[in-house]
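Undergrad: Starting off with a structure, shown below.
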Amino acid sequence: MNTTPKSPALGVDFGRVIQGGEVLDGGTDTQFLGTSREAAMHSPATRGVFDVLPRLVERFNGRVWIISKCGPRVRSLMLEWLDIHDFYDRTGIPRGNVRCCEKRADKAEHCAKLGITHMIDDRLAVHTHLREVVPNLYLFGQQSSMITPDWVTPVLTWADVENNINIDHAAPACPIESFSGQYRTLSNFAAYPTVFDGVQFPTAEHAYVAAKTLDPDLRDIVRELSSPGNAKHFGRSVQLRPDWVAVRESVMLEILRAKFTANPDAGQILLDTGTAELIEGNRWHDNYWGRCGCKPCRRNGIGMNTLGRLLMQVRGELATQTPPGV
């Protein structure tokens, strides 16, 4: 059974967390709610947010969303504030990773759809709605009440946030050294239809072998081969296109992107590897695409593991994409 944890994802409130964090709880959800547009745009970011949040974005592999309770007017002001303060460029959070709702309780729905595992909010009432959805809750900033339940972690500043958030990155995840068994999906031999140059192939291996030639008739032959193993064998006799050595890595990246985006279950399995190093371990001396584990190869140094590196790149790209229907 696959016991790999889901990829960590961070949700962050806007008012009194990203902006206006030094203001003591005054009852409003966004501190520039009643101010003029000019005053709202000049309101400061919470101290430390632009220092800490970019590091958290990196730790969460880009899976960070703003989740804010606000109506249409405040939403418009918030989005303008984010642009004026160059928020997206300064933090690395994608522009599309902003979610708004008109009721505090509705934040739970956003968190569930996005797979949020850690949430920073200045409202205990919000965290109460999130208790059954988000396992790690952080109550931000100064609070009018001195009593904090033991199921939420108080964090007064962004420095406290960084010190208290734990996504098991202190010790790197164990590397995945074989694309077999539980991780067979990561192999190019796994049975996931993959489109390349507008043509669907039975596996990524079929697509990669077909890409070795520009002859459409040979590509059709590859597409009809009964197994990825047969495709690989056929590829050894194909006359390589003149630019093959120069383009083979970019071709492989294109094929991996196609495979893991068109097959959501495969994409989720890739995401579920978290931050683990992905190594295409083998015993057949392939130290370009993978890393051979035989004694002579180990003595000669670590393989390039190009396939593993490209898979980790695609994993990072998938992590920043919005889940379907959200």
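The values are calculated or read from the model by the stated rules, or taken from the named source; none is laboratory data. Since the model is a prediction, treat every value here as computed from it, not as a measurement. Note that we place each Cβ from the backbone using ideal geometry, even for glycine, and neighbour counts take in every protein chain shown.
Undergrad: For region 127-160, enumerate the residues that are among the aromatic types (F, W, Y) and either within 20 Å of L114 (Cβ to Cβ) or at pLDDT 95 or above (or both).
TA: The answer is Y138, F140, W158.
Undergrad: Hey, another quick one. Name the one entry in Y208, Y192 that is of a type outside the set (V, I, T), assigned to a helix (DSSP H, G or I) and closer than 26 Å to V314 by Cα.
TA: Sole residue among the options that is of a type outside the set (V, I, T), assigned to a helix (DSSP H, G or I) and closer than 26 Å to V314 by Cα: Y208.
Undergrad: Test G267 against the criterion of being surrounded by 18 or more Cβ atoms within 10 Å (Cβ to Cβ), outside any helix (DSSP H, G or I) and of a type in the set (G, A, S), and give yes or no.
TA: no
For every residue, the table says whether it meets (1) over 30 Å from F60 (Cα atoms); (2) surrounded by fewer than 19 Cβ atoms within 10 Å (Cβ to Cβ).
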{"site": "K212", "(1), (2)": "yes, no"}
{"site": "L218", "(1), (2)": "yes, yes"}
{"site": "R223", "(1), (2)": "yes, yes"}
{"site": "S227", "(1), (2)": "yes, yes"}
{"site": "H233", "(1), (2)": "yes, yes"}
{"site": "A258", "(1), (2)": "no, no"}
{"site": "I302", "(1), (2)": "no, yes"}
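Undergrad: A further question follows. Within the set of pairs 6 or more residues apart or between chains, which connect a residue that is among the aromatic types (F, W, Y) inside region 69-89 to a residue that is exposed (fewer than 12 other Cβ atoms within 10 Å of the Cβ) and not in a helix (DSSP H, G or I) with Cβ atoms less than 7 Å apart?
TA: Close Cβ pairs (under 7 Å, with a partner that is exposed (fewer than 12 other Cβ atoms within 10 Å of the Cβ) and not in a helix (DSSP H, G or I)) amount to Y88/R95.
Each row is one residue, and each column tells you yes or no for (1) crowded, with 20+ Cβ neighbours inside 10 Å; (2) hydrophobic (A, V, I, L, M, F, W, C); (3) under 22 Å from N61 (Cβ atoms); (4) under 24 Å from the mean Cα position of the chain (by Cα).
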{"site": "E102", "(1), (2), (3), (4)": "no, no, no, no"}
{"site": "D106", "(1), (2), (3), (4)": "no, no, no, yes"}
{"site": "G115", "(1), (2), (3), (4)": "no, no, yes, yes"}
{"site": "D122", "(1), (2), (3), (4)": "yes, no, no, no"}
{"site": "T128", "(1), (2), (3), (4)": "no, no, no, no"}
{"site": "V134", "(1), (2), (3), (4)": "yes, yes, yes, yes"}
{"site": "Y138", "(1), (2), (3), (4)": "yes, no, yes, yes"}
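Undergrad: Test of understanding: among R104, R47, R55, which residue is more than 20 Å from A159 (Cα to Cα), among the basic types (K, R) and in contact with an Asp or Glu (Cβ under 8 Å, 6 or more places away or on another chain)?
TA: On inspection, the qualifying residue turns out to be R104.
Undergrad: Being under 30 Å from N300 (Cα atoms) and assigned to a helix (DSSP H, G or I): is that true of S250 here?
TA: In short, yes.
Undergrad: Out of T185, T148, which single residue is of a type in the set (V, I, T) and assigned by TED's automatic domain parsing to the domain that holds R283?
TA: Selected residue: T185, the only one of T185, T148 that is of a type in the set (V, I, T) and assigned by TED's automatic domain parsing to the domain that holds R283.
Conditions tested, residue by residue: (1) touching a strand residue (DSSP E or B) at 6+ places or on another chain (Cβ under 9 Å); (2) assigned by TED's automatic domain parsing to the domain that holds Q19; (3) modelled with pLDDT of 95 or more.
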| residue | (1), (2), (3) |
| --- | --- |
| V52 | no, yes, yes |
| V57 | yes, yes, no |
| F60 | yes, yes, no |
| R63 | yes, yes, no |
| K69 | yes, yes, no |
| V74 | yes, yes, no |
| L77 | no, yes, no |
| Y88 | no, yes, yes |
| R95 | no, yes, no |
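Undergrad: Here is a further query. Being charged (D, E, K, R), surrounded by fewer than 16 Cβ atoms within 10 Å (Cβ to Cβ), modelled with pLDDT under 95 and closer than 24 Å to P202 by Cα, is that true of even one residue in region 279-289?
TA: No, the conditions are met nowhere in region 279-289.
Undergrad: Take Y183 and decide whether it is in contact (Cβ under 8 Å) with a residue 60 or more places away in the chain and not in a loop (DSSP other than H, G, I, E, B).
TA: yes
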